[in-house]
Amino acid sequence: SEKQFRQAQKMEAVGRLAGGLAHDFNNLLTVIMGHSQVLMGELPSGNPIRAKIEEMQKAGERAASLIRQLMAFSRKQPLEPKILPLNSVVGNVESMLRRLIGEDIQLVIRPDPFNGHVKADPGQLEQVLMNLVVNARDAMPNGGLLAIETSQTELARTPMHHLHPLPLGQYVKLTVTDTGCGMNADVLAHLFEPFFTTKEEHKGTGLGLSTVFGIVTTCGGGIDVWSQVGHGTTFDLYFPRVNPQAPTADATAPQGRLRQG
Ligand code: ADP
């Protein structure tokens, strides 16, 4: 559709801009952080200026984390798609996710008993999971429940998908559910747009979900979102299932390409 086409164009322009800027910015940041480290070493403990430098370093770390998001968004890193079980992605980042969400959020992980495989860049899948989990955490400032489930599913008839219809076939599904604040229709309508955020300044870039959308659709997958204000949100991510033994990568992937425009 026209809307999807404009979205794709916008993503590409932003991505190119962000990639170039992020790289230069990151180099400058390395200089700033390096020198502040040296300064810290020069000052005896108890010197009141140390606290100021610590503030500088904290701000620098926040900047570094924003830059990492920008670089991931612009997909500057070379991609190495592999055939891997979706379960392994969850397993790889589980301990990091637990640190991210803190003590007040209970994490439940339900792995796919059939260990379904997908074809994707593992780093990108980890990024997807991280972005969804950070959003879930931010939606539950007073704690709650976060469930991450992987499962297999067959699309046997055309379902109503949030942004585009998927080809029928076998999929491995990643479901991330939170019991957080939920979203109203206005937020849902803009969810995947680059730079759309409801978070206060410095807390959100608005790039998280547009990155997730880009990665999932690059794999030939799709996303459904269910949300109720005051109750919580569920993201269902569908990845085409692939045969782990397949000589050619997507022998069992659904036929037909995703319609982008
Ligand atoms: P950011 O997290 O930087 O704001 P995102 O693209 O990841 O950017 O998210 C865009 C917006 O979507 C968020 O600002 C928030 O309003 C909303 N959102 C995303 N995930 C959730 C969630 N699990 N619960 C409630 N709102 C969400």
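What follows draws every value from the coordinates through simple rules; no lab data is involved. Note that the coordinates shown come from a computational prediction; the quantities given were computed from them, not determined experimentally. When we count neighbours, we look across all protein chains shown, and the Cβ atoms used for this are built from the backbone with ideal geometry, even at glycine.
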Amide H neighbours of GLN152 under 5 Å, counting only residues 5+ apart in sequence or on other chains, H built in-plane at 1.01 Å?
LYS173
Modelled label-to-label distance, ASN142 and ARG6, 7 Å Cα→beta-carbon offset: nm?
3.8
Gyration tensor verdict on the stretch 175-214 (Cα atoms; rounded if a/c is under 1.5, prolate if a/b is larger than b/c, oblate otherwise)
rounded
Residue exposure sequence - CYS219, CYS181 - by fewest surrounding Cβ within 10 Å
CYS181, CYS219
Give the lysines reachable from LYS203 as a straight Cα distance under 22 Å; neighbours fewer than 8 places away on the same chain don't count.
LYS52, LYS58
Among ARG6, ARG99, what is the fewest-to-most ranking by other Cβ atoms within 10 Å?
ARG99, ARG6
Gain upon complete extension [HIS190, ALA156; 0.36 nm per residue less C-alpha separation]
9.4 nm
The stretch 41-149, relative contact order [Cα under 8 Å, separation at least 6], %
31
I need ILE32, ILE49, ILE148 ordered by Cβ neighbour count within 10 Å, fewest first.
ILE49, ILE32, ILE148
Estimated FRET transfer efficiency (ASN115, ASN26; beta-carbon r; R0 41 Å; 0.05)
0.65
Enumerate the lysines that LYS119 could reach by cross-link, defined here as Cα to Cα under 17 Å, with residues fewer than 8 away along the same chain left out.
LYS82, LYS173
